[in-house]
Every structure is written in C-alpha cells, then in structure tokens.
Amino acid sequence: MTPDENLVAELRGGSRDAFATLFDRYREPVWRFFRRRVADRGRAEELTQDTFVAILEGARRYEGRGPFRSYLFGVAYNILLADRRKTAPQPRAAGSDPPAPAADRDAALWIQAALAQLDADERELLMLREYEELSYLEIAQVLEIPINTVRSRLFRARMALKQRLDAQRIVGVSHAAR
Amino acid sequence: MQPVDHPLDPEELTEYVDGEVSLERRADVESHLATCAACQKTVRDLRGVSRDLAAWSLEAAPNALRARVLFGKAGFGRQWPVRWIPSWATVPVLGLTALAALLIAVPLGRYSQAPAIDARSESRVSTVAEGAERSRAPSVTGRAGSTAEAPQTSQTSLGSRIIRTATLQLVPKDFDAARATVDRIVADAGGYLGTVVVSGTRATGRTLAATVNVPATRLDETVRAFRTLGEVVQDSQNATDVTERLVDLEARLANSRNSERRMNELLRTRTGTLTEVLEAEREVARVREEIERLDAQRKSLADKVTFSAITLQFDEPKKSSMDLGPLPLTTRIRNAFIEGLRSAFAGAVEALLVVLQVAPALLLWALLLGVPIWRIWRWRARVAA
C-alpha cells in the first residue's frame, strides 16, 4: 500500500489517481468524524466534501512533518469549529450535539446521552481517540495541546464517561424492574 | 485514590490500555498489574468504556460523495490546476494563457479556411478543432452531406466513459444491393445487427429500419461506409458522458457488497431471537437484490460505452404509375374537346409566335430585295415601252 505521504507528493504533481486513492482511504473515517458531531446528515456530507477540497487546495502547504492522517483530521476539526461558529446562534446545552442516526439506534442514543454530559474538550479528545483512533501525539497536534494534557484528560474523560454510563445502566435496570 | 506505595500514575494505565506506554515501562506496568486488584479493575473499567463506545455505529458515507469530490465542480475538476496558481499570479497567468490560445487559434482558423486544402484534410482539421467542444456538448447533429464526426475514441485519457450513438437516413442507389452491403459493413466492423425491419413493396417503395451495434472505436468508419450507399437525408451523432454515473454505480456497488459481507459475517457470528434473525436475513436479501440491480445497470452502461448503436433507415424511391382503367365516354369527349381547344389555342399562339419571330426578318429582306427588284421591273417596263 502506497504511504499517504507519497500520495500527497503525487497529488502535488496533479495526479487525480493519488487524490482518488487518498479519498477512498479516508472517505469513511472523515464521514464518520462529521456524522458523529453534526446532527444534519446533509451538512455532514457537505463538511466531508469541504475537508477533501481543503486537502486538495492545501496539498502544496502540507510539509510532511507529521503523519498525513493527523493533518487530515486537523483540517476536519478546523472545518467543524468554523461550522459551529457559523451555526452558533441557536443556544445548545454544553457540548450536546443532537443525536445522529445510527445502525443500532438504542446503543447510539445511550452513548450520545452519556457523551453529551462530558466537558466539551474532554469529549472531543475522547472521541478522537476512540472513534478516529488517533495516537496521543496526533490528538495533541489536532487539538494543539501538550501531550501530557492529552494523557491526563483522556483518563478523566474515560472515568467520567464510565460514571455516566453506569448511572444510565442503573436507571435502565430500575425502569426495567418496574 | 491510589495507595501511597502505588508505583503507577492512573494516566499510565490509560497509556497501557491504548498501547501508548513505552516498551521498558510496559514490563513494570504488567508486573504491577499482576498483583494489584485495584489497578486491574481500573484497566477493566477503561476497556469497558471503549467497548461501550464501540456500540455507536453509523451508516456508510453517501455514494454520491465520491463522484462529487473527484469529478464535481467543487472537487478535483474545479480545483485542478487553477488553485495551484498562487492568487497573486492568477490574473497574469490567465492573461498569458488567453494570449497563447489566441496566437494558436488564429493560424488554425486561417488554415481551416484555406481553399487549397482538399475536402478530406479540411474535414480532419475541423474534427480536431471541434473535438474538445464536442466532448463537452451533449449532442452533435449534422444534416445531409455534413462532415461532422464525434471524437475518435469513446474513452479519453482521463478515463471518461462516453456513450456514442448515430442516426443515418438515406435514399439508396440500389435498395437490394444496399441491404446486402449493410451486412458486410457490419461484419467488417466486428459489430452485429440488432433489429432489422424491411417494410413496403417495390411498387410503393420499401423501407429498411435497422439498429446496428459496432465497437465504439469503429463508429466513424462504419458511418462513413453507410454514407456511400446512397443520398444522405439525415445524419446525426450523439455523445453522452456517463463517467460520473459509472463511478457512482461502482461506488454504490462496492458499498452494498461491503454491507452484504458485514451482515453475513454478523449472521454467522452473532446469535439473536428468531425475529431478529429473520429481519437480518430479509435485509441480506434486500442488499443482494440491490447489488444485482446495480450490477445490471453498470454492465448495461459499460456495454453501451463499448458498443455504439447506429439507427439506420433506407427509403427506396417510388417507381410505380397509377392505372385506373378506361375512362368513361363522356369524360373522354369532354377531355377531347378541352384538349382540342387547348391545341387550337396553342396553335394560334404558336402561329403568332412564328409571325412575330419571322416578321422582322421578312421586313428586312423585303427592303433589301424589294427596292432593286422594283427598279429592274420599272427599267424593263420603260424599255418595253
């Protein structure tokens, strides 16, 4: 498999095939990144498209210092922030993205409800680790925070989420018992 | 709360779970975990959170996304290569490009209009010049005698997939010979006859309507061969770019196949209630049906790209005369009378025309000959007296 960085180099030379390979490789991860964070499916689709267009435009600026994967999610994260700023006027509970449709709707709602109760920074960090499967270094680059902060916040986020999930389990069990 | 003599930070357990702990530190963590029940529980909790989060699965990305990003106006098509030019250089570069295009276009225009070039080479020049335009235009239509031809190949260097069709209507020089020649032309091109319908009689004039399929690369030469069979009445060609449709179909097909594979895997490995299993099997059947439908569409489109369809029509000219039997006597008398009047009138007109035509010459000769003859006659009369 051709490394991402080589494909970017080919893309700089105008290779459509290289871009198509990068797109096919990261289409689903980028789509899921937005789909889990944006309520509207159409908007998630647009933001996914915007991300690849931004990659296309910025290929010359990509210096290859870090992995392409973290660069890609950095671009996606910035696009997400810009979109949130643009659509900010409607008040929302802290960090509560409305639920996105999922293959297993019950599980998705349960997870989303617990995630929504986390601190916004911790939730973002946890999702980048669990869903985008970024390394600590990549998360630090995307969120522009020190790597030690990633370590400590990740532990806190996981333990906080566990508490929320346990609380929901207890509520669920007590409802079922009635 | 960790005990005072606890050798690990809780964050190190997170690193351990995520595979981020260094190799040398990993052995320490594992030896501690072997004896510490509290840390074992923490590791179990951390892994449990990851398992819970994994339950949030999502639907696949929309199929149309690929076509839009790779071929759409907002994607590769628009961005490349203009966006590679720095913004400050856009205007000068575009200006220079326009100037270069002008310098090339002007001599080409003169060349294509030069009268000394024979018909064949002129046609080739116009084909080259029009090629790019046609590749964008959805339809190219010409009338009888037109030299319009679509691009030479149905697949461009960028991998465009183009369906080309042609329609040709002509009046053959010899209908029977033309019918036989059609078979030979099609066989030579490596194509095949789709439908052939011959209708009408020799008296009323026959019509041949046929659908011919030939390899897309040989469409032009086949149409040229057909044109030689008679007088062309209508000649049109059409080119439709189906690249995006094919790419979209292939992407949807790949996604459906992935879904089918995942569902089959789940059916094999997961257990559930009868209702759930039946529901899952129904879903698998639905996806299978979708795959077959998409595959059929893709093959049909691909076939149309590979083979071009020519709609051919030959119209034989009418040769018969009308025969309605003997006319009634009264009609014949009336016709004869009318014919007589018409002849008399025509004769009078002819006579008048003859007089008018001859009179000036007669007058001239009368003047030329009459005066000497009159003088001779008078002289002879005087001598006789």
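Got a sec? Which of B:Thr211, B:Thr207, B:Thr240 is touching an Asp or Glu at 6+ places or on another chain (Cβ under 6 Å), polar (S, T, N, Q), surrounded by 13 or more Cβ atoms within 10 Å (Cβ to Cβ) and in contact (Cβ under 8 Å) with a residue 12 or more places away in the chain? Full working, then the answer.
Details: B:Thr211 fails: touching an Asp or Glu at 6+ places or on another chain (Cβ under 6 Å); B:Thr240 fails: touching an Asp or Glu at 6+ places or on another chain (Cβ under 6 Å).
Unique residue meeting the criteria: B:Thr207.
Being of a type outside the set (Lys, Arg), modelled with pLDDT under 80, within 58 Å of the chain's Cα centre (by Cα) and not in a helix (DSSP H, G or I) narrows it down to one residue among B:Ala67, B:Ala74, B:Ala61, B:Ala89; which is it? Lay out the reasoning, then the answer.
Working: B:Ala67 fails: not in a helix (DSSP H, G or I); B:Ala61 fails: modelled with pLDDT under 80; B:Ala89 fails: not in a helix (DSSP H, G or I).
On inspection, the qualifying residue turns out to be B:Ala74.
Selection of the range A:98-135 for residues being over 17 Å from B:Arg51 (Cα atoms), within 12 Å of chain B (Cβ to nearest Cβ) and modelled with pLDDT under 80 yields A:Pro99, A:Ala100, A:Pro101. Hey, B:Ala216 hits all of (1) surrounded by fewer than 20 Cβ atoms within 10 Å (Cβ to Cβ); (2) within 16 Å of B:Ser308 (Cα to Cα) but one; which does it fall short on? That leaves (1) as the condition not met. Cβ-Cβ contacts under 7 Å between residues 6 or more apart (or on different chains), taken from a first residue in the range B:32-60 that is surrounded by fewer than 16 Cβ atoms within 10 Å (Cβ to Cβ) to a second residue that is part of a loop (DSSP other than H, G, I, E, B), are listed as B:Ala55/A:Asp104; B:Ser57/A:Ala102; B:Ser57/A:Ala103; B:Ser57/A:Asp104; B:Glu59/A:Pro101; B:Glu59/A:Ala103.
Quick one: which of B:Asn264, B:Asn238, B:Asn213, B:Asn255 is assigned to a strand (DSSP E or B), within 30 Å of B:Ala64 (Cβ to Cβ) and either in contact with a strand residue (DSSP E or B) (Cβ under 9 Å, 6 or more places away or on another chain) or of a type outside the set (Asp, Glu) (or both)? Outline the logic, then answer.
On the way: B:Asn264 fails: assigned to a strand (DSSP E or B); B:Asn213 fails: within 30 Å of B:Ala64 (Cβ to Cβ); B:Asn255 fails: assigned to a strand (DSSP E or B).
On inspection, the qualifying residue turns out to be B:Asn238.
Filtering the range B:1-32 to residues that are within 20 Å of A:Arg156 (Cα to Cα), in a helix (DSSP H, G or I) and aliphatic (A, V, I, L, M) leaves B:Leu13, B:Val17, B:Val29.
When you scan the range B:267-312, how many residues do you find that are assigned to a helix (DSSP H, G or I) and of a type in the set (Val, Ile, Thr)? Walk me through how you get there before you give the answer.
Here is the first cut: in the range B:267-312, the residues assigned to a helix (DSSP H, G or I) are B:267-269, B:274-306.
This time we only want the ones that are of a type in the set (Val, Ile, Thr), so: B:269, B:275, B:277, B:284, B:287, B:291, B:305-306.
Of the residues in that region, 8 qualify.
Checking A:Glu46, A:Glu10, A:Glu57 one by one, the residue that is at the interface with another protein chain (Cβ under 9 Å from one of its Cβ atoms), free of Cβ contacts under 8 Å to residues at least 12 places away in the same chain and more than 18 Å from A:Leu143 (Cα to Cα) is A:Glu57 and no other.
Hey, among A:Leu56, A:Leu47, which residue is within 26 Å of B:Asn258 (Cα to Cα) and buried (at least 17 other Cβ atoms within 10 Å of the Cβ)?
Answer to the check: A:Leu47.
The values are calculated or read from the model by the stated rules, or taken from the named source; none is laboratory data. Predicted, not measured: the structure shown is a model, and the values here were computed from it. All Cβ positions, glycine included, derive from the backbone under ideal geometry; neighbour counts span all protein chains shown.
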